[in-house]
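The values are calculated or read from the model by the stated rules, or taken from the named source; none is laboratory data. Keep in mind it's a predicted model, so treat the numbers as computed, not measured. Please note: Cβ atoms are built from the backbone with ideal geometry, for glycine as well, and neighbour counts cover all protein chains shown. Surface areas here come from the heavy atoms of the whole protein model, side chains and all, with no ligands, DNA or RNA. Shrake-Rupley method; radii C 1.70, N 1.55, O 1.52, S 1.80 Å.
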Protein chains: 2
Amino acid sequence: MAAIAGEARSSQGNVLFVREGYLPATSFQLIAKDPGSQARLGSLTTTHGRIDTPIFMPVGTQATVKAMTPEELTEVGSQIILANTYHLYLRPGHDLIERLGGLHRFMHWDGPILTDSGGFQVFSLGELRKISEEGVKFRSHIDGSAHFLTPELSIAIQGALGADIAMCFDECPPYPSPYDYLEKSLALTTRWAQRCKKAHTRKDQALFGIVQGGMHPELRRESARQLMEIGFDGYALGGLSVGEERSVMHDMMHACSDILPEDQPRYIMGIGAPEDLIEGINAGFDMFDCVMPTRNARNGALFTSFGRINIKAAIYAEDTGPIDPACGCYVCRNYSRAYLRHLYRSNEILASRLNSWHNLHYYLDLMARARAAIAEGRFAAFRKEFLAARNDVKS
Amino acid sequence: MAAIAGEARSSQGNVLFVREGYLPATSFQLIAKDPGSQARLGSLTTTHGRIDTPIFMPVGTQATVKAMTPEELTEVGSQIILANTYHLYLRPGHDLIERLGGLHRFMHWDGPILTDSGGFQVFSLGELRKISEEGVKFRSHIDGSAHFLTPELSIAIQGALGADIAMCFDECPPYPSPYDYLEKSLALTTRWAQRCKKAHTRKDQALFGIVQGGMHPELRRESARQLMEIGFDGYALGGLSVGEERSVMHDMMHACSDILPEDQPRYIMGIGAPEDLIEGINAGFDMFDCVMPTRNARNGALFTSFGRINIKAAIYAEDTGPIDPACGCYVCRNYSRAYLRHLYRSNEILASRLNSWHNLHYYLDLMARARAAIAEGRFAAFRKEFLAARNDVKS
């Protein structure tokens, strides 16, 4: 499983090519498996550095994780961030970013970057979208201009951005969708994945496939099987957290993980709440991303070891304590709830900054504690304690 | 001029009182005078530390310098900040801040703080204001609630906040105002200054008087004379940058500085552009504050050694250079104009952050360079070079 210089292997372990001086774009090493769950500890090496898994990836939609500098992202424990192909394609344009030296240099982040394929945003933000075999016609949410995104263009954009990990362009069907539509959509996503694989030439960039199939375990497994046949550097679940019940989302995680290759990274896209991440880890997944910590922060919703609080609440008006007495982040070390409430009510930029800082620290610290628990073979107990300590959300 | 333990002196050098263990709230030491101008180099010691003068004070209106952390303020060279009595009185309330341990602790800034008196904001923001001998009735700009601000209340608020330097409550007449109105207003400001002096009991806090008198040098001098008779720890010019021509503002600076005590700090409130600060220093002033660097930053207007630029401009779309090649700040070291333009156009919080960081660094670096020039007796030449290098604003 360890990387061999000059060799690249498919998901089935087939040698894809051997080249003088070549190193695979990513190599995943499975370090430990938890005895009481599917949880796994791993190490993913990318062109811009190594990542400990399970990991959470802060979302830097427009080439910035909202309200944070790259140095602060490192301070809160970020090892890899996500950027959005759709947004950067529309503004400032992937070609411009490429001419300026790529996304890492553009945004002053030299750690690993994963880019999504643009698929999800085309379906959630793009207007008047029209799907064909070739790709998706849509209008920009910024200025209404017409665009046509194809698997080949998505890969070209992600190549121009210079992401360490690119994602296949997929169709994200709405929830709920009829069974036969989901079957056809899944087949289209597979054909698009084949085209992505063919179009993908950047050897310093990994390419992950995206499993679809709605909320039907058998469709999810069929999608996974088809993608594995093509062979990718890692596999993701797409189309979750789209309005389904939390228990259904968790069922989908468990339905897919055991058929995905054990020696490759597994990623659940766009989730979620802390309890979703813990369940994803429990089901054997390694990578997660979500706007929740930063978006909630800007709305005053803060994550703590005892559940969520909203800093707007009048009970915090004279509260001299930190957000979370159990937290050791910069914000909890230096600022009171009373001050944070004042900043929020006064609509100050520092409110968004400090709240985002704390929430990202919470997410990344949760991942670090989950990794430690797996390393010590006590993830099942860790998960139980985590869920028991929270008084706001039921698992 | 040096502080004597157990003694406090008035501006005329009279011993005000002697007390066991007493140290004056501030002591000002004049270090050097420039041979070719009125510029002076000084050192002002406050309860929370020493300040090199001339100095610029970033404005922290609502207990935060917009978009900046206290650590970043220190990194850009801030030695003292200003907070607004009017805003903090209305929200979250000075009594609340006092109960929480004072403004320094509340906002996590342990350097010196100067608070204004609330006078300027009452006149510029307060609604339905009504001036009487006793004080000013006004309605809050936030919720319309009725308030009555008096010299005594202003001093009580500034005492509760725990500012190192408090300002006398003054009337700020609109510009232009009739001569006889300005005369009466000036006399009222003097009577209010007497009441402020009487109400001021906090021994760890300095109290500065505010010179008014519109754009009439003789009224300005009369106001200064009356305030000096009362005796304060320092003197400020209020009511400048209210719509008058730049040359008129500069004339007022020069009209007042020579009659103010040489051995006490001189402060011009609410100005200004970099060229106004340089002219204020040229006229013999030591302290300045203005929202310009932070407010302009949030609008994309950036200060450079060659004048102002607006980062919105299309010419910066692919500009890989820093804001100012002559600047060594964090922003100029790490980010391109192209990226900053992208952030601004994308309405990202990081745009306000990085632009504020750079602009404050510019202001504080300008003060540091002015101090170095005075120390070396070459301020006149420094001023000339400064004005010549700028291609956007005429002196």
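Assorted remarks:
- Residues along segment B:86-131 losing 50 Å² or more of accessible surface when the other protein chains are present rather than the chain by itself (probe 1.4 Å): B:R91, B:L100, B:F106, B:H108
- Fully extending the segment from B:A372 to B:E127, taken as 0.36 nm per residue of separation minus the present Cα-Cα distance, adds 83.8 nm.
- Under Karplus coefficients 6.51, -1.76 and 1.60, residue-wise ³J(HN,Hα) of segment A:46-52 in Hz, glycine/proline x: 10, 4, 9, x, 9, 10, 7
- For the protein assembly as shown, convex hull volume per residue from C-alpha positions, Å³: 178
- Computed with a 1.4 Å probe over protein heavy atoms only, the accessible area of A:C329 comes to about 0 Å².
- Nonpolar atom fraction for chain A, defined as the carbon and sulfur part of the 1.4 Å probe accessible area, stands at 50 percent.
- Straight Cα distances below 25 angstrom link B:K198 to the lysines B:K130, B:K137, B:K184, with same-chain residues fewer than 8 positions distant left out.
- Label-point gap, in nm, between A:E245 and A:L30 - each point 7 angstrom along Cα→Cβ: 3.2
- Counted residue by residue at 0.36 nm each, then reduced by the alpha carbon distance between them, the extension gain from A:L96 to A:D263 reaches 56.5 nm.
- Inverse of mean 1/r across different Cα pairs in segment B:29-134, Kirkwood, Å: 15.7
- Solvent-accessible ranking of A:L90, A:L277, largest area first, probe 1.4 Å: A:L90, A:L277
- For segment B:277-294, the residues whose backbone nitrogen is under 20 Å from a point 7 Å from the Cα of B:H141, taken along Cα to Cβ, are B:289-294.
- Exposure rank, largest accessible area first [B:E244, A:E385; 1.4 Å]: A:E385, B:E244
- Largest-first principal axis extents, alpha carbons of chain A, Å: 61, 52, 48
- Interface residues of segment B:275-320, defined as those with an accessible-area decrease of at least 40 Å² between the chain by itself and the complete set of protein chains (probe 1.4 Å), are B:E318.
- Between the beta carbons of B:E134 and B:E229, assuming R0 = 25 Å, the FRET efficiency works out to 0.65 to the nearest 0.05.
- Cα centre as origin, Lys/Arg/Asp/Glu Cβ charges: the protein assembly as shown dipole, Debye: 380
- For B:A236, the residues 5 or more places off, or on other chains, whose built amide H falls under 5 Å of its own are B:G209, B:I210, B:V211, B:Y267.
- Buried accessible area, chains A and B (both chains, 1.4 Å probe, Å² to nearest 100): 3300
- What the Cα convex hull of segment B:224-375 gives, in volume per residue, is 129 Å³.
- A Cα-only calculation for segment B:213-268 places Rg and Dmax at 10.9, 31 Å.
- Sequence-distant contacts, meaning Cα pairs under 8 Å at least 6 residues apart, place the relative contact order of chain A at 17 percent.
- Accessible surface, per residue, of chain A when the full set of protein chains is kept, probe 1.4 Å, Å²: 37
- Longest segment of chain A lacking chymotrypsin sites (Phe, Trp or Tyr not before Pro) that sit in a DSSP loop with at most 16 other Cβ atoms within 10 Å: A:23-305
- Proximal charge balance of B:T53 [Cβ under 11 Å; K/R count +1, D/E count -1]: +2
- Spin-label model distance (nm) - A:T74 vs B:A326, 7 Å beyond Cα toward Cβ: 3.0
- Within chain A, helix-based [θ] at 222 nm, where runs of 4 or more DSSP H residues each add -39,500 (n - 2.57), nearest 500: -11500 deg cm²/dmol
- Net charge of the neighbourhood of B:L340, taken over other residues with C-beta under 12 Å away and scored Lys/Arg +1, Asp/Glu -1, is +2.
- In percent, rounded to a whole number, the relative contact order of segment B:209-268 is 42, using alpha-carbon pairs under 8 Å and six or more apart.
- Between A:I97, B:F285, B:L125, the Cα set farthest toward the positive side of the dipole of the protein assembly as shown (charges on each charged residue's Cβ, about the Cα centre) is that of B:L125.
- Local net charge near A:A32, Cβ-Cβ under 12 Å (Lys/Arg +1, Asp/Glu -1): +1
- Where chain B is carried onto chain A by rotation, the Cβ closest to that axis, with its residue and distance in Å, is B:I349, 3.
- Using equal-weight Cα scatterers in the Debye expression, the normalised intensity of segment B:287-395 in log10 at q = 0.10, 0.11, 0.13 Å⁻¹ is -0.30, -0.36, -0.49.
- Drop in accessible area of at least 30 Å² in the complex versus isolated chain, residues of segment A:339-355, 1.4 Å probe: A:Y339, A:H342, A:R345, A:S346, A:E348, A:I349, A:L350, A:R353
- A:Y181-A:R50 FRET efficiency (beta carbon distance; Förster radius 41 Å; 0.05 resolution): 0.50
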